[in-house]
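A quick write-up on the structure given underneath.
The values are calculated or read from the model by the stated rules, or taken from the named source; none is laboratory data. As the structure is a prediction and not an experimental result, all values here were calculated from the model. Cβ atoms come from the backbone with ideal geometry, glycine included; neighbour counts cover every protein chain shown. Heads up: the accessible areas ignore ligands, DNA and RNA and are worked out on the full protein's heavy atoms, side chains in. Shrake-Rupley method; radii C 1.70, N 1.55, O 1.52, S 1.80 Å.
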Amino acid sequence: MKKFVVVLSLFLFMVAAIQAQQKDADKAAIKNAIQTAYVDGLQNEGDAEKIDFGFHPDFVMVGVGEDGKVWKYPIANWKESALKKKAEGKLPLKDDSKISVKFKSIDITGNAAVVKMDYFRGGQHEYVDYISLYKFEDGWKMVAKIFHKL
């Protein structure tokens, strides 16, 4: 009986360790998707390939207008705007005006995740973003965003 308890304890410890490693790998992949697609691809560079890397084609940003009405902005429109800025020479951004983020929390349950992060423009804290992601066969993809403007 004593051996059984020891073996069971070791097995449970190993399962917990493997799950923790997977969660760490998922967090790193989520950060990479957001940094590559949202920060670099969409905001700083206007790079279509990078944008497509981390955004699901059905992604939508949702906001609330001054009138209290909810509005939606699909990734296709946002991507088009970024590519237009690049064509006009407004992107890529220069060092002193670049967008950066600080990850505050990443909550993962199965194939779903929510990220809370601070958004900075040239070092100035402008937004708190809440980004929802799903894990697909080709990795973590952003599917929705809400935010608070500071």
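Quick rundown of the values:
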quantity: Size of electric dipole in the chain: Cβ of Lys, Arg +1 and of Asp, Glu -1, about Cα centre, debye, nearest 20; calculated: 440
quantity: Sequence-separation-based contact order of the range 49-150, relative, with Cα cut under 8 Å and 6+ spacing, percent; calculated: 25
quantity: Amide H contacts under 5 Å for Leu91, placed H, 5+ residues apart; calculated: Lys86
quantity: The chain - Debye-derived log10 I(q)/I(0), Cα point model, q = 0.13, 0.15 Å⁻¹; calculated: -0.64, -0.80
quantity: Within-13-Å neighbourhood charge of Pro92 [Cβ basis; K, R +1; D, E -1]; calculated: 0
quantity: Of Lys72/Lys116; Lys69/Lys149; Lys50/Lys149; Lys104/Lys149; Lys50/Lys141; Lys84/Lys149, those spanning more than 21 Å from alpha-carbon to alpha-carbon; calculated: Lys50/Lys149; Lys84/Lys149
quantity: 10 Å Cβ shell holding at most 16 others, DSSP loop, GluC sites (Glu not before Pro): longest site-free stretch of the chain; calculated: 1-65
quantity: Probe 1.4 Å - accessible area at His125, Å² to nearest ten; calculated: 60
quantity: Angle between the chain longest axis and helix 2-33 axis [Cα atoms, degrees, rounded to 10]; calculated: 10
quantity: Those trypsin sites (Lys or Arg not before Pro) in the range 120-149 that DSSP places in a loop and that have at most 16 other beta carbons within 10 Å; calculated: none
